[in-house]
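Read the figures in this text as sums done on the coordinates, not as results from a lab. Remember, it's a predicted structure, so these values are computed and weren't measured experimentally. Glycine gets a Cβ as well: all are built from the backbone with ideal geometry, and neighbour counts include every protein chain shown.
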Amino acid sequence: MATRTEPRGTRGSHDPEQTRRLLIDSALALFSDRGFHGTSVQEIVERAHVTKGAFYHHFDSKEDVLALIHERFLDAWRASLERIVAELASPADQLREAIRESVLAVARHRQQVAVFFQERRCLTGRRALEVDRKRDAIDRAMDAIVHAGVEQGLFDRRTTARVAVLGIVGMSAWVHQWYRPEDPMPADRVADELAALALDGLLVR
């Protein structure tokens, strides 16, 4: 367990929160480029321009950093879904907006999403369980939207919610593989088109 005392030898004059952000950003870039197992704590601190003492002041291990990256991504996704459900009454509108926001989030945070999908199996023990719990909560929230749409007669009754959710999540997440900010089609339009495509396959005509 890391000792939570103020580290000595931190390079520069960063405040604790800035140092923490630098370490997370450094780890994210390295995990994306080299993978979790291909990245050392020494490389993380060198890229962040801080000392190992500063690293272990904030984290017990590089797995702690990976878990935090995953949890921040999942927490933001869950909060977005909760807000959408609270603000919109129709399951069709909820699902459309959920897809749009998911696609936009993936487009804006491609590196974070790539690390999530490529490196999440590197988590162990309680960290892996916590990430799985958060992922399951998102799946349940999406399932609830689809089920409500079917029950209200908005979505085709032949729809299997689990299949629909897996397809929607996969479609949204895969954006990180091909979308680039410099692409001629803006992220907003990509999000609109993918949301329309998904809804077109679910709505009762």
Worksheet item: How much FRET efficiency would the formula 1/(1 + (r/R0)^6) give for Arg83 and Gln42, where r is the Cβ-Cβ distance and R0 is 45 Å, rounded to 0.05?
Response: 0.65
Response to the item:
For the Trp174, Asp60 Cβ pair and Förster radius 25 Å, calculated FRET efficiency rounded to 0.05 is 0.15
Worksheet item: Where does helix 91-108 land angle-wise versus the long Cα axis of the chain, in degrees 0 to 90, nearest 10?
Response: 30
Response to the item:
Dividing the mean separation of Cα pairs under 8 Å (6+ apart) by the residue count of the stretch 16-60 yields a relative contact order in percent of 42
Worksheet entry | Pairwise label distance in nanometres, Glu71 with Asp143, each label 7 Å out on the Cα-Cβ vector | 2.4
Worksheet item: Helix 16-34 versus the longest principal axis of the chain: what angle, 0 to 90°, nearest 10, using Cα atoms?
Response: 70
Fill in: Angle between the chain longest axis and helix 62-87 axis [Cα atoms, degrees, rounded to 10]
30
Item to complete: Give the relative contact order (percent, whole number) for the stretch 64-200; include only Cα pairs under 8 Å separated by 6+ residues.
Response: 40
Fill in: Positive-end residue of Leu81, Val113, Val175, charge dipole of the stretch 64-200 with Cβ unit charges
Val113
Response to the item:
Ordering 180-187, 147-154, 63-70 by per-residue average of other C-beta atoms within 10 angstrom, highest first, gives 63-70, 147-154, 180-187
Item to complete: Indicate the gyration tensor shape class of the stretch 113-205 (rounded, prolate or oblate), computed on the Cα atoms with a ≥ b ≥ c the square roots of the eigenvalues: a/c under 1.5 is rounded; otherwise a/b larger than b/c is prolate and the rest oblate.
Response: oblate
Response to the item:
With +1 at each Lys and Arg Cβ and -1 at each Asp and Glu Cβ, the charge dipole magnitude of the chain around its Cα centre, to the nearest 20 debye, comes out at 480
Fill in: Separation of alpha-carbon centers, the stretch 44-65 and the stretch 120-168, rounded to whole Å
34
